[in-house]
Amino acid sequence: MVSHQRRRGQKATIWRTITITDNRGNEVKVADEANPWIVKAWEIPQRSAKAEVPGQQKINIIRLGVQANLEGVELWSRVVFKGKPYDVVTPPAYHHGSSRHVRHWSIDIRERPNHG
């Protein structure tokens, strides 16, 4: 039986990486905030560690699956999923599968620390 989780996926906003020249003339990679992609994504928890002591950082990494080709998404890209900001920790990986119904891209993202 095939899972229908993809069909019920949730909205994710993804900003691809672009190269710009900073005010010192250096080429730097940044998220292209002017052109976000809004895609339907499903999640697979990867690992997490809860901060037990003040000053420790919570680690929450999930894998997003999407049907779209995420060209230009790299380690400097940004993601907002379920209202939380994430950093990309692995470039998108293509999974061909046995048919077009299971072909997809996956990307691991890590929750950004909350400084509020």
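Tell me, yes or no, whether region 38-45 has at least one residue that is open to solvent by 80 Å² or more (accessible area, probe 1.4 Å), farther than 29 Å from residue 103 by Cα and either in a loop (DSSP other than H, G, I, E, B) or modelled with pLDDT under 90 (or both). Looking through region 38-45, none of the residues is open to solvent by 80 Å² or more (accessible area, probe 1.4 Å), farther than 29 Å from residue 103 by Cα and either in a loop (DSSP other than H, G, I, E, B) or modelled with pLDDT under 90 (or both).
Across region 13-29, the number of residues qualifying as within 30 Å of residue 83 (Cβ to Cβ) and open to solvent by less than 60 Å² (accessible area, probe 1.4 Å) comes to 6. Here region 88-102 is the region considered, the condition is being open to solvent by 80 Å² or more (accessible area, probe 1.4 Å) and free of Cβ contacts under 8 Å to residues at least 60 places away in the same chain, and the residue that is nearest to residue 36 (Cα to Cα) is 94. If you go through region 61-82 and pick out every residue that is closer than 17 Å to residue 10 by Cβ, surrounded by fewer than 17 Cβ atoms within 10 Å (Cβ to Cβ) and modelled with pLDDT under 85, you end up with 2. When residue 106 is tested against (1) open to solvent by less than 30 Å² (accessible area, probe 1.4 Å); (2) out of contact with any Phe, Trp or Tyr (no Cβ under 9 Å at 6 or more places or on another chain); (3) among the polar types (S, T, N, Q), just one condition goes unmet, and that condition is (2). Every test in (1) buried (at least 17 other Cβ atoms within 10 Å of the Cβ); (2) modelled with pLDDT of 90 or more is passed by residue 85 save one, and that test is (1).
The values are calculated or read from the model by the stated rules, or taken from the named source; none is laboratory data. Because the structure is predicted, anything quoted here is derived from the model rather than measured. Ideal geometry is used to build each Cβ from the backbone, glycine not excepted, and the neighbour counts take in all protein chains shown. Heavy atoms of the whole protein, side chains included, go into the accessibility calculation; ligands, DNA and RNA do not. Shrake-Rupley method; radii C 1.70, N 1.55, O 1.52, S 1.80 Å.
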